[in-house]
């Protein structure tokens, strides 16, 4: 079984658990909707102003909701020492981290789909002007968020104040990716031309952090 | 021996710096467009280069720890990153004062400034992470991994003025531009200040490493007492 198949097995296992319990999906989905609702009260914006801040608003919402999703990724393995069992199995640590990232990314993409739908209604915005470009940005940015989230979820698994530490250390690392996704989402929501510079930032970020995650997973997870 | 080296480095760095102050204030003229405030660049640029160099060397020591498992590498990495963070704060504060005079604002979300601010937050996170882990080998392993992730932003800070069109000025030193962007006397003073800062930083790293070793020894004795 190669490393990618191992990662897919982990993702399948986690998705099966998630589909039964729906604990991450329900909490992250509800949280994203609540944030969108709160933003609508916080700002009294004209339709034009709404379009200008849409990208920022949506990606802040996704990154906060993402923290709920990947927080659960490794925490789910703590009861009954499941993590130790997984690490003593023939699975590689890298496949474990990538598998968790795949699960988190799929769940976060569902949360994003729900959020876009709710956003369109609450803020009277047509977000389907460039649907394929928007989908590409969501996929690349979500992967970046989730791969970082999974690595640092693993890194902080046994820490004191784990829930506080995770956002403190991951959000600074996510800033370049969030800036690129916010800029590109703003372009697509206002129906402007594609900007390859931000796409390059997004892709470089994804590639570099995925490689680092694979290279350092063993060090982070195995004693 | 190490204590003597620390004192020598600190004294040499301080002497160089005070000698440079004479050159900065008494010898070099005001800059044509900016006037006297441009002199803050003799703190701002050397502090920036010192901090980025420190973060990079810290990453090398982190890799050293991961490959050898020697706690001395971890102590060196933590000490270097901590001292580099002090210089990063110095770089941001002096930059902000300079911006207030020249641009009329304390801060702007320009890619260079943003990347540097992110760098600060990452290494503050690094120190918080170290504080949250008690067991030395685990602390070393996880903080080394974090330091390697953090270095990605160091590269972004360094290259941001080439990759993006920024309000922050582009590269001026001859090593990056090939020459012609800065007066040779001013450039020479930047390098002399950089040398002084590196000496001071090296002394601070040695002091901090000594503290790390003492803390580890006390921790080991405490464990022995509780055993």
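Read-outs: derived from the displayed coordinates by stated rules, not from any lab. Because the structure is predicted, anything quoted here is derived from the model rather than measured. Glycine also receives a Cβ, built like all others from the backbone with ideal geometry; neighbour counts cover every protein chain displayed.
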Exercise. With a point put 7 Å past each Cα toward its Cβ, work out how far residue B:1 is from residue A:21 in nm, to one decimal.
Key: 5.6 nm
Practice problem: Evaluate peptide B:150-162: per residue, the Cβ atoms of other protein chains within 10 Å of its Cβ; return the mean as an integer. | Solution: 2
Quiz item: Where is the GNM fluctuation largest for chain A (alpha-carbon springs, 10 angstrom cutoff): A:79, A:131, A:167?
Solution: A:79
Quiz item: Other chains' Cβ within 10 Å of B:172-179 residues: what's the mean?
Solution: 0
Exercise. Could you work out, for the range B:2-226, what percent of all Cα-Cα pairs fall into each 10 Å distance bin, beginning at 0 Å and stopping at the bin that holds the largest distance?
Key: 8, 29, 33, 20, 8, 2, 0
Quiz item: Okay, which of the range B:102-124 sit inside 16 Å, backbone N to the point 7 Å along the Cα-Cβ direction of residue B:30?
Solution: B:102
Quiz prompt | Förster radius 45 Å - calculated FRET efficiency between residue A:124 and residue B:22 (Cβ-Cβ, nearest 0.05) | solution = 0.10
Quiz item: Any idea how far apart residue A:75 and residue B:124 come out in nm if each label point goes 7 Å out from Cα toward Cβ?
Solution: 2.4 nm
Practice problem: Take every residue in peptide A:165-173, count the Cβ atoms of other chains within 10 Å of its Cβ, and give the average of those counts. | Solution: 6
Quiz item: Alpha carbon centre of the range B:38-86 versus the range A:13-57: separation in Å?
Solution: 39 Å
Exercise. Obtain the nm distance between the two label points defined at residue A:52 and residue B:138 by a simple spin-label model: each point lies 7 Å from its Cα along the Cα-to-C-beta direction.
Key: 4.9 nm
